[in-house]
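Enquirer: Okay, here's the structure, questions in a sec.
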Amino acid sequence: MHPSGLNPALKQEALGKLLSLCPHCRALASQLDSVVINESNNAELVHVRCRTCQGSVVALLFSTGPLISSIGLITDLTPADAVKFQQATELTEDDLFSLHAWLQQPSASGDLLAINR
Ligand SMILES: [Zn+2]
């Protein structure tokens, strides 16, 4: 049995229905590479990347009785980002106010530019 518990044939069928073409550039499904990000007994989170345009989709596949349903979300996340942000907490209003206050500091723009160096 597949470790996720999702029937591999049904999973492939659900993914094929969700992504028969690349939603970014309409390339054929044969151009799409998928990586499982996380899995449980009745669900899998899959990252799909198009080899033609490098566009990505995160797809959630979940079993509902004998069927597998799917939801796709166009994303700019890489597979590594998808793993990282899956554990992240959502931003709050306080986070935004803190960022706003921090940006008011005279040194903020210099500090911000230094972050990526
Ligand atoms: Zn594409």
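Enquirer: Restricting attention to region 1-34, which residues are under 24 Å from CYS53 (Cβ atoms) and either in contact (Cβ under 8 Å) with a residue 60 or more places away in the chain or exposed (fewer than 13 other Cβ atoms within 10 Å of the Cβ) (or both)?
Expert: GLY16, LYS17, SER20, CYS25, ARG26, LEU28, SER30, ASP33
Table: residues versus (1) modelled with pLDDT of 90 or more; (2) loosely packed, with under 10 Cβ neighbours inside 10 Å.
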position: CYS53; (1), (2): yes, no
position: VAL58; (1), (2): yes, no
position: PRO66; (1), (2): no, yes
position: SER109; (1), (2): no, no
position: ILE115; (1), (2): no, yes
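The values are calculated or read from the model by the stated rules, or taken from the named source; none is laboratory data. Predicted model, so just to flag it, every value in this text is computed and none were measured. Every residue, glycine as well, gets a Cβ built from its backbone with ideal geometry; the counts of neighbours run over all protein chains shown.
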